[in-house]
Amino acid sequence: NLASTGDKADDVEAQAAKLVEAVRKGPYLYLAYVTLLIGANDACAPETPDSALAASLGRTFDLLASVRQLEPVRVLVSLLPNIALVGQLDTRNRPFYRGWTCGQLWSTLSICQNILDWSTPEELAARERIVRVKNAVIRQAIAAAQTRHPQLQIAVSDKMFVNPIHAADMAGDCFHPNQKSQERIAQELWLDHPWFR
């Protein structure tokens with residue numbers, strides 16, 4: 001597991017490089033299966049251009065394709081969750097600490113305000129469009145990588161986008177999934193891949 005809290009798409013390239021190096025020099029015979037959950041922090045950072053997300057993903061797939069093995073490298077890419085739903089009133093008004101609510105925490109620490117700060121259905125739709133655009137960029141990067149690298153088998157899961165998000169899913173920071181939710185995400189993504197049945 002090479003994931004790190006706060007990483008963006010430009011960090012996943014370094015993670016892929018570590019993985020490829022571990023396969024080349026480490027105790028691994030081959031690379032059977034890779035899961036990528038990427039882009040949420042990029043969606044929360046409006047200054048990150050879509051072209052940078054696409055380019056970073058492209059380089060990541062190039063690295064994974066550089067692994068030389070008899071069987072294909074299988075990659076499951078999870079699309080972004082519908083982050084805007086975290087901003088629902090049940091989460092926003094949830095008590096956080098000493099009278100603070102989650103919404104006050106987000107505002108004070110500037111946590112993903114470009115997506116979480118909404119109060120009308122129209123504003124929600126606009127925030128959801130941000131996430132949909134990032135997911136479209138991820139799909140385009142995957143399509144380009146599959147054309148360049150036929151030895152990569154890339155599958156896409158939209159489970160995290162279509163699944164509802166509730167306050168009970170949130171960790172103490174009111175933003176990331178709690179342990180129970182992380183376990184559910186891992187199970188759902190495992191069941192959504194097409195290879196090991």
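Numerical summary
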| read-out | value |
| --- | --- |
| Qualifying residue in region 169-178 (condition: open to solvent by less than 80 Å² (accessible area, probe 1.4 Å), among the aliphatic types (A, V, I, L, M) and touching a residue at least 40 places away in the same chain (Cβ under 8 Å)) | yes |
| Total residues in region 1-43, condition part of a helix (DSSP H, G or I) and open to solvent by less than 60 Å² (accessible area, probe 1.4 Å) | 16 |
| Options PHE196, PHE161; residue that is in contact (Cβ under 8 Å) with a residue 40 or more places away in the chain and closer than 30 Å to CYS102 by Cα | PHE161 |
| Identity of the residue in region 46-58, touching a helix residue (DSSP H, G or I) at 6+ places or on another chain (Cβ under 8 Å), open to solvent by 10 Å² or more (accessible area, probe 1.4 Å) and modelled with pLDDT under 90, that ends up nearest to CYS112 (Cα to Cα) | PRO46 |
| Enumerated helices (runs of 4 or more DSSP H) restricted to region 73-163, each holding at least 2 residues that are among the polar types (S, T, N, Q) and open to solvent by less than 70 Å² (accessible area, probe 1.4 Å) | 113-116 |
| Where PRO49 falls short, out of the listed (1) over 30 Å from GLN151 (Cα atoms); (2) without any contact (Cβ under 8 Å) to a residue 12 or more places away in the chain | (1) |
| Region 128-141 residues that are among the acidic types (Asp, Glu), paired with ones that are open to solvent by less than 50 Å² (accessible area, probe 1.4 Å) (beta carbon under 7 Å, 6 or more apart) | GLU128/ASN82; GLU128/ALA84 |
| Unmet requirement for PHE161, which otherwise passes all of (1) out of contact with any Leu (no Cβ under 9 Å at 6 or more places or on another chain); (2) within 30 Å of VAL73 (Cβ to Cβ) | (1) |
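The values are calculated or read from the model by the stated rules, or taken from the named source; none is laboratory data. It should be emphasised that the depicted structure is a prediction, and the values quoted were computed from it without experimental measurement. Note: ideal-geometry Cβ built from the backbone for every residue, glycine included; neighbour counts use all protein chains shown. Just so you know, the surface numbers come from the protein's heavy atoms only, side chains and all, with ligands and any DNA or RNA stripped out. Shrake-Rupley method; radii C 1.70, N 1.55, O 1.52, S 1.80 Å.
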